[in-house]
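Note sheet for the following structure.
Throughout, read-outs are computed from the coordinates displayed, never taken from laboratory work. Treat the numbers as computed from the prediction; the structure is a model and nothing was measured. Cβ sites come from the backbone with ideal geometry, for glycine too, and all protein chains shown count toward neighbours.
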Amino acid sequence: MRGQIEVRVLMQREGLSGEVVNLFPSWHTGIIHGDDGYDVTFSDESLAVGFDYREVFVGLRVSYGVFFAAGVKVPAAINVLPDRTAPACESDNPEDSVTPRLVG
């Protein structure tokens, strides 16, 4: 019973924030570790309009909502956007801002 209650709580949550912890470029999917302790998956279809999968990198702070479809075991993030409240990189050196995905 407890698992069903937690799922119901997750279905109603919006405005969550977390960090991208894993990317699977060949499938255009990834995993977000939420500040609430839950891990959720996302795909390029989960990204908000105007935000592209190529802009996502490990360590990116994002805000998102949660969708838990019937029959699935892992919740999916929806409306994933870069978190505007996260501190910006203070370095003026462009080499410091290269993401792990762009390093050759």
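Tell me the label-point distance for the pair SER26, PHE57, using the 7 Å Cα-to-Cβ offset, in nm and rounded to one decimal.
2.3 nm
Given H placed 1.01 Å from N in the peptide plane, which residues other than close sequence neighbours of THR29 have an amide H under 5 Å from its amide H?
PHE24
Work out from phi, with θ = phi - 60° and the Karplus expression 6.51 cos²θ - 1.76 cosθ + 1.60, the ³J(HN,Hα) of each residue of the stretch 49-66, listed in order in whole Hz, and give x for Gly and Pro.
The phi angles translate into 4, x, 10, 9, 4, 5, 8, 8, 8, 4, x, 5, 7, 10, 10, 6, x, 10 Hz.
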